[in-house]
Amino acid sequence: MKKQIKNYNIAVLQPDELNALKATVKDFMTKIEAVDNEVELLKQDRKEIIEEFSERLDVRTLNTALKVVKLQSSVQHKDTYDMFLEVLQSEDK
């Protein structure tokens, strides 16, 4: 979802009656707490998967490789990136 820039004061749009505001805040908090709980469950699932594969794979190195692949796939100018990479890697030698 793309974030939209708001050019107005959102406080003007929120309920100004206390009970309506309480209901809106309660609805917001219920939804946020549900998402937070799902995030925690997903974190636990991720941890279990890492533990499951840690005896068969070098998971730390694999995670680093995954980060590199993700970064490389986000590069807009691949030819320029490749040249920078070649220069930087030749500095190590």
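Side notes on the structure shown:
- Ranking of Y8, Y81 by count of other Cβ atoms within 10 Å, fewest first: Y8, Y81
- For the chain, taking the reciprocal of the average inverse distance between every pair of different Cα atoms yields a Kirkwood hydrodynamic radius of 18.9 Å.
- Where trypsin sites (Lys or Arg not before Pro) fall in DSSP loop in segment 1-90, at most 16 other Cβ within 10 Å: K2, K3, K6, R56
- Count of lysine pairs in the chain with Cα separation under 26 Å (8 or more residues apart, or interchain): 28
- Amide proton proximity set for V75, modelled H, under 5 Å, gap of 5+: none
- Of the GluC sites (Glu not before Pro) found in segment 1-66, those that fall in a DSSP loop while having at most 12 other beta-carbon atoms within 10 Å are E17, E55.
- Of T61, T80, T30, the residue with the greatest mean-square motion in the GNM of the chain, using alpha carbon springs below 10 Å, is T80.
- Helix-only [θ]222 nm of the chain, DSSP H runs n ≥ 4, -39500 (n - 2.57) each, per residue, nearest 500: -25000 deg cm²/dmol
Since every read-out is calculated from the coordinates, none of them should be taken as a lab result. Quantities reported herein were computed from a predicted structural model and do not represent experimental measurements. Glycine also receives a Cβ, built like all others from the backbone with ideal geometry; neighbour counts cover every protein chain displayed.
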